[in-house]
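These notes concern the structure reproduced below.
The values are calculated or read from the model by the stated rules, or taken from the named source; none is laboratory data. Note that the coordinates shown come from a computational prediction; the quantities given were computed from them, not determined experimentally. No Cβ is skipped: glycine too gets one built from the backbone with ideal geometry, and neighbour counts run over all protein chains shown.
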Amino acid sequence: MKHAKKILILSIALVFVFSGLALAAGYDYKVKKEHAGQDLTPSQVHEMVLKDSAHTFIVDCRTRAEYQLIGHPVGAYNIPLKFWAGNFDKKEYGTSTNPNFGKDLLARFDPKTDTLIFMCRSGKRSCSSCAEAVKAGFPAEKVFNMLGGFEGDKVKYKQSAYCGQRKLGGWRNEGLPWTYHIDTKLIYQPDLSK
């Protein structure tokens, strides 16, 4: 009886140890597209912003609708890389590129002093945004892509109750501070004039 009790306690302890190791290992983020600049996980982004909030900014490059309706990191600026074109084809919403993306960045941020961390839904548009920021004059060492974006990646395992849902990685899934609140100082400025 004592021996069985020890085995049970040891088994439970091992489950907690291995569960903790799995959580500590975290999600295996992958870069979605080659880009200028560097990559950070959402937790690393949060730490950078906390260290230097006067000169380190999260730029949410999703559409205004995504920023407003899905939520965004607290304090994130919205400068869309693409706009919703008002149509829907078989698989996705039609978009058009923001021709003023670089100019919009320069109107808000200073390439000499500011560090920009780009974030989108899952990490692809943010890679393109890094390249556009460098073209606009921001040094590559001050430009970052946030891996996993805001929503993270989809669960692909067919037997999972979450199959097809964005539950893997990302700002929101890491439990970092986010909101639906719209601050007029942070939302895309040309939208305010309409």
Problem set entry | Flag if residue 155 is modelled with pLDDT of 95 or more and among the β-branched types (Val, Ile, Thr) | no
Exercise. Is it the case that the range 41-57 has a residue that's of a type in the set (Asp, Glu) and over 15 Å from residue 188 (Cβ atoms)?
Worked result: yes
Seminar exercise, completed: For the range 89-108, the count of residues that are under 25 Å from residue 70 (Cα atoms) and modelled with pLDDT of 95 or more equals 8
Seminar exercise, completed: Within the range 134-163, of all residues that are aliphatic (A, V, I, L, M) and closer than 18 Å to residue 73 by Cβ, the one farthest from the chain's Cα centre (by Cα) is 143
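Could you check the range 87-193 for strands (runs of 3 or more DSSP E) lying wholly inside it with 3 or more residues that are buried (at least 16 other Cβ atoms within 10 Å of the Cβ)?
Result: 115-119, 143-146, 166-168.
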Problem set entry | Selection count, the range 146-194, where residues are closer than 20 Å to residue 31 by Cα and of a type outside the set (Gly, Ala, Ser) | 16
Problem set entry | Any hit, the range 152-169, residues being in contact with a helix residue (DSSP H, G or I) (Cβ under 6 Å, 6 or more places away or on another chain) and in contact (Cβ under 8 Å) with a residue 24 or more places away in the chain | no
Exercise. Quick check: is even one residue across the range 157-169 of a type outside the set (Phe, Trp, Tyr) and under 18 Å from residue 117 (Cα atoms)?
Worked result: yes
Exercise. Within the range 93-101, can one find any residue that is farther than 19 Å from residue 190 by Cβ and either over 15 Å from the mean Cα position of the chain (by Cα) or of a type in the set (Val, Ile, Thr) (or both)?
Worked result: yes
